[in-house]
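The values are calculated or read from the model by the stated rules, or taken from the named source; none is laboratory data. Here the structure is a predicted model, which means the values were calculated and not measured. We place every Cβ from the backbone using ideal geometry, glycine too, and count neighbours over all the protein chains shown.
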Amino acid sequence: MKPVPTLFWFRNDMRLDDNPALAHAATHGPVVGVFIDDPTTPRPRGGASRWWLHQSLAALGTQVPLTLRHGESLAVLRELLRETGASRLVWSRRYDPAGAAKDKAIHDTLTREGFTVLGEVGNMLAEPWDISNAEGEPCKVFTPFWKRLQARGWAAPQPAPRVAWAAHGPSVPLDTFCPLPTAPNWAAGWETLWTPGEHGARQRAEDFMAHGLRGYADLRNRPDLPHVSRLSAAIHFGEVSVRRLAHLAQAAAHADPTLRRDADVFLSELGWREFSYHLLWNYPTLPHANWKPAFDAYPWRDPATDPAAARDLTLWQRGQTGYPFVDAGMRELWHTGWMHNRVRMVVASFLIKHLRLHWRHGEAWFWDTLVDADPASNAASWQWVAGSGADAAPYFRIFNPIGQGKKFDPMGAYTRHWCPELAKLPLDFLQCPWDATPFDLATAGVRLGHDYPLPCVNHEAARAAALAGYHATRADSA
């Protein structure tokens, strides 16, 4: 008798290593791997994320005979179950509200139709509902959440299972299924910056543990140094397991105790991702509504009705605000699909508090331009900066883009790289070129307002306006 296959639905788990759902599927005979592009998804992937998806699918396709299909997920799965004769469907759980709701509907429908449908833990150290405070409620502050998760512990990573893959066609050609940008090719050169796929993720992780982990605790805030993992996109797409990363960091610290502090800080960064999903699961409006309702009263400028606000949003998006550290970050984002985390906080603070534009405008831009755009981390981080989220930065914490640039890019290498028109300015004036003397500007070949823009807003005036808005919000909510 011909063995009955199992259908394995790949989503954001593009790996074989430490994949509990795949390990389960492999125990039930041959496996048919499928990836579905569902046009009914409430929030489609952004452009940069789709570039990464194309590369990740290409890499996975060298390991797995992958079937690619367009269409509404339930309809496509029904079709594949019928075509392959499979009686079982397995997936890694999703935790965003729309994905979880769709999974429940598919599970309930196909189960009623006689199929076995099983979801296993996704790419998490713990399920979002596993951690609660002393009252049994969702945690609202990171530190106690992280302490409880550490005390609970997490499963050890498991090696890739032995899978009897069963090829199945027809499959949509990858270039049709997820086409790369061509007119224009705004991602030109990205293939030299990134290596999407499980092999690339594992190599990057091992390189980071060997060469970047030491000093991470103190130097991760320096965008001019290599002390960050750059694994965020690989984590989002599930090309590397967070359990595997935690294991690698702990193993490095065990082998060399002087790495303990660095490893602990790296683990806590994984913890922030866990906390973001904990918040998203328990507060599903997080991506589009203020977690703290009092912020609904904040007097935001509206680009839809205010031409000056629309202009400022465009200047921010294009890296033309006149504040070099902010502009360097926004240009890095556009040219690479990624931005250093410290700089993300600075550019977010600038949009929200200097320009007084709603955090949702920034969240939407990041969603489209980041290769690591993630529904939980993106929303939670923007709300953290705005002060409207859980365990958020205080409303009065307004990053000074000049001081941040001087502190975290002390030699100016990062700023000079992304703002080359300022490359010859003396370091003292690199973050505030308007303070440079006419002689310094002329010597550096800089004409403010021509080669590089004048500031779109005055820092002190913007800070005062932001604080006035926040004070008014607090008064309205009192």
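The table below lists the values:
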{"quantity": "Any hit, segment 6-15, residues being surrounded by 20 or more Cβ atoms within 10 Å (Cβ to Cβ), in a helix (DSSP H, G or I) and at pLDDT 95 or above", "calculated": "no"}
{"quantity": "Within segment 288-347, considering residues that are touching a Ser or Thr at 6+ places or on another chain (Cβ under 9 Å) and among the basic types (Lys, Arg), the one surrounded by the fewest Cβ atoms within 10 Å (Cβ to Cβ)", "calculated": "Lys292"}
{"quantity": "Every residue from segment 436-455 that is in a loop (DSSP other than H, G, I, E, B), on the phi < 0 side of the Ramachandran plot and not hydroxyl-bearing (Ser, Thr, Tyr)", "calculated": "Ala436, Val446, Arg447, His450, Asp451, Pro453, Leu454, Pro455"}
{"quantity": "Those residues of segment 216-232 which are aliphatic (A, V, I, L, M) and either part of a loop (DSSP other than H, G, I, E, B) or free of Cβ contacts under 8 Å to residues at least 24 places away in the same chain (or both), in sequence order", "calculated": "Leu219, Leu225, Val228, Leu231"}
{"quantity": "Scope segment 269-285; condition under 22 Å from Gly46 (Cβ atoms), surrounded by fewer than 20 Cβ atoms within 10 Å (Cβ to Cβ) and under 16 Å from the mean Cα position of the chain (by Cα); matching residues", "calculated": "Trp272"}
{"quantity": "Residue that is farthest from Asp374 (Cα to Cα) [pool: residues in segment 238-268 that are among the charged types (D, E, K, R) and surrounded by fewer than 23 Cβ atoms within 10 Å (Cβ to Cβ)]", "calculated": "Asp256"}
{"quantity": "For Val326: the one exception among (1) out of contact with any Phe, Trp or Tyr (no Cβ under 9 Å at 6 or more places or on another chain); (2) among the β-branched types (Val, Ile, Thr); (3) in contact (Cβ under 8 Å) with a residue 24 or more places away in the chain", "calculated": "(1)"}
{"quantity": "Total residues in segment 39-70, condition more than 18 Å from the chain's Cα centre (by Cα), part of a loop (DSSP other than H, G, I, E, B) and crowded, with 16+ Cβ neighbours inside 10 Å", "calculated": "2"}
{"quantity": "Answer from Gly136, Gly122, Gly200, Gly114 - the residue that is in contact with a Phe, Trp or Tyr (Cβ under 9 Å, 6 or more places away or on another chain) and assigned to a loop (DSSP other than H, G, I, E, B)", "calculated": "Gly122"}
{"quantity": "Residue satisfying condition, being more than 22 Å from the chain's Cα centre (by Cα), free of Cβ contacts under 8 Å to residues at least 24 places away in the same chain and under 30 Å from Leu66 (Cα atoms), within set Arg112, Arg162", "calculated": "Arg112"}
{"quantity": "Candidate set: segment 110-145, residues that are of a type in the set (Val, Ile, Thr) and in contact with a Leu (Cβ under 6 Å, 6 or more places away or on another chain); chosen: the one surrounded by the most Cβ atoms within 10 Å (Cβ to Cβ)", "calculated": "Ile131"}
{"quantity": "Pick from segment 205-215, criterion surrounded by 20 or more Cβ atoms within 10 Å (Cβ to Cβ) and without any contact (Cβ under 8 Å) to a residue 40 or more places away in the chain, ranking: farthest from the chain's Cα centre (by Cα)", "calculated": "Gly212"}
{"quantity": "Breaking point among (1) modelled with pLDDT of 95 or more; (2) outside the structural domain of Gly238 (by TED's automatic domain parsing); (3) surrounded by fewer than 16 Cβ atoms within 10 Å (Cβ to Cβ), for Leu74", "calculated": "(3)"}
{"quantity": "Candidates Phe408, Phe439, Phe396 - the one that is in contact (Cβ under 8 Å) with a residue 24 or more places away in the chain and exposed (fewer than 14 other Cβ atoms within 10 Å of the Cβ)", "calculated": "Phe396"}
{"quantity": "Subset of segment 283-302 [farther than 17 Å from Ala390 by Cα and assigned to a helix (DSSP H, G or I)]", "calculated": "Ala297"}
{"quantity": "Failed item in (1) of a type outside the set (A, V, I, L, M); (2) touching a residue at least 24 places away in the same chain (Cβ under 8 Å); (3) under 30 Å from Ala468 (Cα atoms), with Trp272 passing the rest", "calculated": "(3)"}
{"quantity": "Per-region count, segment 413-427, residues over 15 Å from Val346 (Cβ atoms) and either touching a residue at least 24 places away in the same chain (Cβ under 8 Å) or not assigned by TED's automatic domain parsing to the domain that holds Ala328 (or both)", "calculated": "4"}
